[in-house]
């Protein structure tokens with residue numbers, strides 16, 4: 001069996017959540033000089049890669065890709081080379097925090113609104129007392145503030161840099177500054193800090209098991225309807241995609 005499933009020409013590793021956490025854990029323990037960039041690949045980003053050469057390069061050069069979204073999983077199954085399960089940014093962040101709670105890893109949080117960032121940091125410190133939260137900064141910083149943020153992250157040397165600037169901005173920001181971040185792992189996690197902070201409600205476990213989390217979010221956030229229109233387009237284009 002192939003070790004990857006190709007989604008619109010992008011090779012996504014066939015890794016479970018546990019295998020993903022184990023791989024990241026190894027990178028932290030056996031850290032090399034270069035930053036290990038983890039990208040949680042969703043249908044929107046996959047589609048964007050088809051017309052954004054810079055994003056496609058970043059995805060190709062990533063240390064690890066995960067299947068973020070049921071659309072990615074469904075396409076892999078329909079193409080006869082199934083991925084084992086979803087590894088979403090939010091779930092991965094929670095799993096890493098659980099692991100870090102025992103391993104005493106250090107984190108830096110970048111992204112979300114100031115109040116959300118503050119509440120997410122508080123929730124992490126209360127729920128995972130073994131995690132070292134070195135610092136945080138909201139995601140609405142001005143260009144003039146960026147240098148100070150980069151200097152702070154570099155000096156703090158976090159094991160894991162969590163970037164919640166939205167996709168693909170987070171991925172491009174990490175890539176642009178990868179030689180200055182001085183972190184071991186960097187992950188773009190979309191709106192996960194909103195969920196950690198309690199600002200956005202996560203779908204109940206039953207909805208998640210039924211792969212209907214997208215529907216739960218749409219019901220609770222009707223403004224997402226335009227984004228959901230992309231899913232059928234993605235499915236059609238991904239199934240028609242001719243591998244080169």
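Results, tabulated for the structure shown:
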quantity: Folded to 0 to 90 degrees: helix 230-240 orientation relative to the chain principal axis, Cα; calculated: 60
quantity: Alpha-carbon centroids, region 185-199 and region 80-148: separation in whole Å; calculated: 6
quantity: Neighbour-count ranking [beta-carbon atoms within 10 angstrom, fewest first] of 174, 58; calculated: 58, 174
quantity: The chain: calculated mean residue ellipticity at 222 nm from DSSP helix runs of at least 4, using -39500 (n - 2.57); calculated: -14000 deg cm²/dmol
quantity: Percent RCO, i.e. relative contact order, over the chain, from Cα pairs under 8 Å lying at least 6 residues apart; calculated: 23
quantity: Cα-based shape type of region 76-120, given that a ≥ b ≥ c are square roots of the gyration tensor eigenvalues and the cut on a/c is 1.5; calculated: oblate
quantity: Relative packing of 144-151, 86-93, 8-15, 192-199, which averages over residues the other C-beta atoms within 10 Å, highest first; calculated: 86-93, 192-199, 8-15, 144-151
quantity: Extension gain (nm, one decimal) between residue 95 and residue 29, 0.36 nm per residue minus Cα-Cα; calculated: 22.1 nm
quantity: Percent antiparallel among DSSP beta bridges (both partners in region 4-240, rounded to 5); calculated: 15
quantity: GNM top mover of 200, 189, 163 - the chain, alpha-carbon springs below 10 Å; calculated: 200
quantity: Cα gyration tensor shape of region 21-172, rounded if a/c is under 1.5, else prolate or oblate by comparing a/b with b/c; calculated: prolate
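Every number here is computed from the coordinates shown, using simple stated rules; none is lab data. Note that the coordinates shown come from a computational prediction; the quantities given were computed from them, not determined experimentally. So basically every Cβ, Gly included, is an ideal-geometry build from the backbone, and we count neighbours across all protein chains shown.
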